[in-house]
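Heads up: the structure comes next, in structure tokens.
The values are calculated or read from the model by the stated rules, or taken from the named source; none is laboratory data. Just so we're clear, the structure is a prediction, and the values are computed from it rather than from any experiment. With ideal geometry, Cβ positions are generated from the backbone for all residues, glycine too; neighbour counts draw on all protein chains shown. These area figures cover heavy atoms from the full protein model, side chains too; ligands, DNA and RNA do not enter into them. Shrake-Rupley method; radii C 1.70, N 1.55, O 1.52, S 1.80 Å.
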Amino acid sequence: MTIRKPEDVIEPFNFEGFDSALLKTLYLRMVRAREFEEKLYYLFLTIKMPGTMHQATGQEAVAVGVASVLNADDYVTSTHRGHAHCIAKDVSLNSMMAEMFAKRNGACKGMGGSMHLCDFSKGMLGAFGIVGAGIPIATGAALSSIVRGTRQVAVSFFGDGAINEGVFHESLNMASLWKLPVIYVVENNQYALSMPNELESAVTDLSSRGCSYNVPGRTVDGNNVLAVYNAARQAVEDARNGKGPFLLECVTYRVRGHARFEQPNYRPKEEEELWKQYDPILRFKQAATTAGILSESDLKAIDQQVEKEIEDSIAFAQSGEDVGALDYKQFIYSGQMEGGVE
Amino acid sequence: MRKLSLADAIREAMIQEMRSNSNVILMGEDVGRFNGAFHVSHGMFEEFGPKRVWDTPISEAGFMGMGIGAALTGLRPIIEFQYADFMYCAMDQIVNEAAKLRLMSGGQANVPLVIRAPQGATGRAAQHSQSVEAYFMHTPGMYVVMPSTPYDAKGLMISAIRLNDPVLVLEHKLLYGAASPGGGKALTDQTISEIGSDVPEDAYTIPFGKADIKRAGSDVTIIATLIMVHRALAVAGELEKEGISCEVIDPRTLVPLDEETILQSVRKTNRVVVATEDVERGGVSAELTSIISRKAFDFLDAPVECVAADNTPIPFGPAAEKHVIPQMEDIRDAVYRVLKD
Ligand SMILES: Cc1ncc(C[n+]2csc(CCOP(=O)(O)OP(=O)(O)O)c2C)c(N)n1
Ligand SMILES: [Mg+2]
């Protein structure tokens, strides 16, 4: 199989079961993720920002569709391309933006940056800069939920490149053995840096790769937030009810370069242009307005809200103090015993 | 007081903590139904069942990562590696994740987990014999604990379980004093003494970063860990007959390291031997030597002597293994060398 064309994967929008409030939330989260990253791109261009970042532009429907079926106390692990996952799990833009600026009021107090964004109060256990590393960690969060008897579900987002890491296989085996409530979401944006999936996966039908471990899977149109939502909702419901793990492949496309300003020279421009026409936000807008479920002005109000949120987040970040040279010292160890001091 | 083996002491610590805190779980290969490859978890599966004692597949990176995920979400896992050598299969999860999550998250992440791993050379050749402490002493964000006696083992293990940080507890196979359930008889070594085998029944903690002076002396300081503590004590006993007084210090935790107790001793004796079982190059003995040289240079009457394993994978043949791993003679010769001038 070569790089998948949109026509191979697209599913029509089916609004059955979605009320306008939910649709607005989905749209809001997708636009937040998009505009947050577009703002970052601009800030990087103008050299106001330290470090690096990986944009999920064009992939927002995956993060939003999946995370929107979760409860607030469910767990998520994310990747180097993690802004959208955080936003979908309701991590505040202010704390994320401040983290990008390496401020003390950042989500990780300026200690983590883009690749380690997390918010434990939101069940967001972290973006992991090591490809695949979050997969067993989410699996362990699911085991923890079983031991503590809480019915929480864990979701691990990872890429088509990460699926070839050993921990993917080890984790699926254990999750299946022990029927752990964990959903593995492979965000197949069709490239792992320069490598198209066909050059690094012997089996490119990624949702079938749980079959060695008896983990059921399914491939969906990852640029259709409703399709993603429905598939995730079923998987999460089953997991919560003790039916065990699920492997959800969401086919999408990484519109931007791998990181920051990288210009992909390893794929044809026509391919990029074609996929841009299947942008998840564009498609959602068209479908929702055509179906008459949301109006142009509904959407516009959300766009304006997000614009303001982003501006506010920059103001918030700029109001924060820069990380001090010695701040890190307090974060290496807790040195605390459970329930008290050592 | 009753005497316990080191394996018994560790087991008792785990059992007591698991009884008093339902969030403590044990995971690892063959730790449950088989009672652990070195019998350390004997009876725990029976008492606590499969939701608290997890027999994992042979997936070190996977179950290490799962332990981290469990630790981040309210449990306090104890993760046993069947042999310390196998920790290398899980290096990413240990070094890049467990040890770094607290800092990366700006202090949000508590990672209250304990890694237990048996190490040390016992005739099992290059992949079941290594002493791994240097790698993890080199990894900020985790503690490294090395109990040489049953008393220390119980108190340090309970502290390890209660701490909200990742702790690696390295256990020496020769010190376990227990038979392996695979039919092997208890591993022994004639240099191992009964020191510290009186173990209180009640739970108690030993704080990290407090070295223990296993024997007081005035002529030479020997800093030793795990089985080298016992070898150093045996040497000290012999040298006493020659009128040489050795002070034997066991740091007990390499991270945090009780530099003050070590430096105080150095300022008193002015002569130092460091004895560890990990390889010399880039090893713990080199690190201790560096600290002493930097912080007590003016007090040294002779160069610090490092007694450590030869820079080689551990060979199988008994004579070769014995040559590579520091023995009593090596420590004794080093003492003579630092006393020479
Ligand atoms: C263990 C590891 N190997 C390599 C890298 C460098 N790297 C970062 S992202 C990436 C590609 C990952 O591809 P994929 O999993 O498909 O995620 P995507 O970037 O497409 O979102 C590589 C090679 C890394 N961060 N970690
Ligand atoms: Mg990819």
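Taking +1 at the Cβ of each Lys and Arg and -1 at the Cβ of each Asp and Glu, which of A:V186, A:A175, A:L247 sits farthest along the dipole of chain A towards its positive end, judged by Cα position relative to the Cα centre?
A:A175
Determine the dipole magnitude for the protein assembly as shown: charges of +1 sit on the beta-carbon of Lys and Arg, -1 on that of Asp and Glu, nothing else is charged, the reference point is the Cα centre, and the result goes in debye to the nearest 20.
With Lys and Arg at +1 and Asp and Glu at -1, about 700 debye.
Using a Gaussian network model on chain A with a 10 Å cutoff between Cα atoms, which of A:A301, A:A56, A:A127 fluctuates the most?
Comparing A:A301, A:A56, A:A127 in a Gaussian network model of chain A, the most mobile one is A:A301.
Which angle between 0 and 90 degrees, to the nearest 10, do you get for helix B:60-72 versus the longest principal axis of chain B when only C-alpha atoms count?
80 degrees
Provide the solvent-accessible area of B:K295, counting protein heavy atoms only and rolling a 1.4 Å probe, rounded to the nearest 10 Å².
100 Å²
Output wanted: per-residue J couplings in Hz (rounded whole) for segment A:150-165, from phi through Karplus 6.51 cos²θ - 1.76 cosθ + 1.60, θ = phi - 60°, x for Gly and Pro.
9, 6, 6, 10, 10, 10, 10, 8, 7, x, 5, x, 5, 5, 8, 7
B:F63: net charge of surrounding residues, Cβ under 9 Å, Lys/Arg +1, Asp/Glu -1, itself excluded?
So the environment of B:F63 carries a net charge of -3.
Please report the accessible area of A:L282 (heavy atoms, 1.4 Å probe, ligands and nucleic acids excluded) in Å², nearest 10.
Using a 1.4 Å probe on the heavy atoms, I get roughly 80 Å².
Can you compute the charge dipole magnitude of segment B:2-183 about its Cα centre, using +1 on each Lys and Arg Cβ and -1 on each Asp and Glu Cβ, nothing else charged? Give it in debye, rounded to the nearest 20.
380 debye
For B:F297, A:F44, write out the residues from largest to smallest accessible area, computed with a 1.4 angstrom probe and no ligands counted.
B:F297, A:F44
What is the sum of charges, Lys and Arg at +1 and Asp and Glu at -1, for the other residues whose Cβ falls under 9 Å from the Cβ of A:V306?
-1
Counting only DSSP beta bridges with both residues in the protein assembly as shown, what percent are antiparallel, rounded to the nearest 5?
If I count the DSSP bridges inside the protein assembly as shown, around 20 percent turn out antiparallel.
Helix B:328-339: angle to the longest alpha-carbon principal axis of chain B, degrees 0 to 90, nearest 10?
Here the helix axis deviates by roughly 50 degrees.
Under DSSP H, which helices of chain A have Cα atoms covering 30 Å or more of the helix axis and a Kyte-Doolittle average no less than -0.5?
A:20-45
Using label points projected 7 Å from each Cα along Cα→Cβ, tell me how many nm separate A:D205 and B:K3, to one decimal.
Computed distance between label sites A:D205 and B:K3 equals 6.6 nm.
Please build a GNM for chain B, connecting alpha carbons under 10 Å apart, and tell me which residue among B:E240, B:E259, B:E12 fluctuates the most.
Result: B:E240 has the largest fluctuation of those listed.
Suppose a student asked you for the relative contact order of chain A, using Cα pairs under 8 Å spaced at least 6 residues apart; what percent would you report?
23 percent
Which of A:V306, A:S92, A:L199 sits closest to the plus end of the dipole of chain A, meaning its Cα is farthest towards the positive end, when Lys and Arg get +1 and Asp and Glu get -1 on the C-beta?
A:S92
Quick one: which residues, 5 or more positions from B:I115 or on another chain, have an amide H under 5 Å from its amide H? H modelled 1.01 Å from N in the peptide plane, none for Pro or chain starts.
Under 5 Å from the amide H of B:I115 lie the amide H atoms of B:I79, B:V167, B:L168, B:V169, each far enough along the sequence or on another chain.
Take B:I58, A:I332, B:I222 and sort them by solvent-accessible surface of the protein heavy atoms, 1.4 Å probe, largest at the top.
B:I58, A:I332, B:I222
Using per-residue counts of other Cβ atoms within 10 Å, averaged over each peptide, order A:179-188, A:313-322 from highest down.
Going from most to least packed, we get A:179-188, A:313-322.
What size of dipole, in debye to the nearest 20, comes out for segment B:212-340 about its Cα centre when the only charges are +1 on Lys and Arg C-beta atoms and -1 on Asp and Glu C-beta atoms?
Charge dipole, segment B:212-340, about its Cα centre: 180 debye, nearest 20.
Per DSSP helix of 4 or more residues, -39500 (n - 2.57); summed, then divided by the residues of the protein assembly as shown. What does that give at 222 nm, rounded to the nearest 500?
-11500 deg cm²/dmol
Give me the inter-chain shielding for B:21-28: mean count of other chain Cβ atoms within 10 Å, whole number please.
For this peptide, the per-residue mean of nearby foreign Cβ atoms is 2.
If you take the charge dipole of the protein assembly as shown about its Cα centre, with +1 on Lys and Arg Cβ and -1 on Asp and Glu Cβ, which of B:V169, B:S197, B:I78 is farthest toward its positive end?
B:I78
Please give the net charge around A:A133, taking every other residue with its beta carbon less than 10 angstrom from that of A:A133, where Lys and Arg add +1 and Asp and Glu add -1.
In short, -3.
Looking at this model, which pairs from B:K214/B:K295; A:K285/A:K308; A:K329/B:K210; A:K24/A:K109; A:K243/A:K285 are more than 25 angstrom apart at the alpha-carbon?
As for pairs spanning more than 25 Å Cα to Cα, those are A:K24/A:K109; A:K243/A:K285.
Which order do B:C306, B:C246, A:C211 take when ranked by solvent-accessible area (1.4 Å probe, heavy atoms of all protein chains), largest first?
A:C211, B:C306, B:C246
A:I130's amide H: which non-local residues (gap 5+, or another chain) put their own amide H closer than 5 Å, with H modeled 1.01 Å from N in plane and none for Pro or chain starts?
none
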